[in-house]
Amino acid sequence: MTPSDYEFLQAAPPGPSFERTWPVRTGDVDPERRVRLDGIARYLQDMANDEMFHRGFDATDPYWLVRRSIIDVLEPLHWPSDVTLLRWCESTSSRWCNMRITLRGSAGGHVETEAFWIRFSAESGMPTHISDGGMEYLQQYVSETRLRWKALNTTTPPEPSPADHTVRLRATDFDPYQHLNNAAYLQLVEDDLNGDPLLAAPHRAVIEYLAPIPLGSSVQVRSVRDDAGYRQWLYLLDADGAPAAKPASAVSVITLPGAPFDAPAPWPPEQVERIEWKS
């Protein structure tokens, strides 16, 4: 299966789900005021943490790792606006689940996402069973209870080339578990695709995590941009600057059906009345 073949199991939550609304912040948008892919990833992670604490699963199921995120930008979110997020579970197994989040902006914008979350043990660092209470909640409306992992980004990485570049990751790129933050991966994608027409029409971004990247690491970025879209791989560098034999992550960005996006409304809007400031 390829990223273009993959389909979500549910178009909308079959029952009550978890919902939040907050303002789009300027730190998550590009100069055209489009919410970037890394901004969307930040929203997904914040939404997951909000639900965990809201449901009380911080006490029973506190440790999770995202193995894959799929982000379908059907219409871009923009600043200024509010974004409403709707989160529900689509499929489960005993140790992992697929969580869906729909994002819609008050001024337009529609994004569909799915994340493959793995419940892991803090002691062993290995996948562990979801608690009985957690499973009871997650399985309320699922379409599949025997979820299995199957990679989507299976294109063979290119050989090293002069186009590869090195990035030293920052302390601010890591989360409380010392995992490279989901948004940090997609910041590197946004760097490569700055101004690319791929982001100016409906598109799907798929990021899969293949190996840990420790705090303080440097990575080699390899990428390909062709008619099939964009692919990127991160290779962990050792102390001598040599890349690992296998990549630590694989990303693809492909086009989805649909017309190019309309330009955002002008900002700031025309001021009708003059504001008089008084000293």
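The values are calculated or read from the model by the stated rules, or taken from the named source; none is laboratory data. This structure is a prediction, so every number in the text was calculated from the model and none was measured. Neighbour counts are summed over all protein chains in view; Cβ atoms, including those assigned to glycine, are modelled from backbone coordinates with ideal geometry. In case anyone asks, the SASA skips ligands and DNA or RNA and just uses the protein heavy atoms, side chains included. Shrake-Rupley method; radii C 1.70, N 1.55, O 1.52, S 1.80 Å.
Some notes on this structure:
- Scattering profile of the chain at q = 0.15 Å⁻¹ [log10 I(q)/I(0), Debye over alpha-carbon scatterers]: -1.21
- Here the Karplus relation 6.51 cos²θ - 1.76 cosθ + 1.60, evaluated at θ = phi - 60°, turns the backbone of the range 123-131 into coupling constants of 6, 9, x, 10, x, 9, 5, 5, 4 Hz, with x for every Gly and Pro.
- Residues whose amide H lies under 5 Å from that of Phe120, counting only those 5 or more places away or on a different chain, are Tyr63, Trp64, Leu65, Thr128; hydrogens are built 1.01 Å from N in the peptide plane.
- On the beta carbon distance between Gln178 and Glu270, with R0 = 35 Å, the FRET formula returns roughly 0.10.
- Separation of alpha-carbon centers, the range 105-148 and the range 1-69, rounded to whole Å: 11 Å
- Prolate/oblate/rounded call for the range 95-245, Cα gyration tensor, a/c under 1.5 rounded: oblate
- Computed about its Cα centre, the charge dipole of the chain is approximately 360 debye, with only Lys, Arg, Asp and Glu carrying charge at their Cβ.
- In the full protein context, the chain carries 53 Å² of accessible surface per residue, based on a 1.4 Å probe and ignoring ligands, DNA and RNA.
- Residue among Trp88, Pro158, Phe261 farthest towards the positive dipole end of the chain, charges placed on Cβ: Trp88
- Remark on Ala201: its backbone amide H falls under 5 Å from those of Phe261, a criterion applied only to residues 5 or more positions apart or on other chains, H modelled at 1.01 Å from N.
- Base-10 log of normalised Debye intensity for the range 47-160 (one unit scatterer per alpha-carbon) at q = 0.12 Å⁻¹: -0.51
- ³J(HN,Hα) computed for each position of the range 27-37 - Karplus, 6.51 cos²θ - 1.76 cosθ + 1.60, integer Hz, glycine/proline x: x, 9, 10, 8, x, 8, 6, 6, 5, 6, 4
- Dividing the alpha-carbon radius of gyration of the range 1-108 by the rule-of-thumb value 2.2 N^0.38 Å gives 1.12.
- Comparing Asp82, Asp38, Asp226 in a Gaussian network model of the chain (Cα springs below 10 Å), the most mobile by mean-square fluctuation is Asp226.
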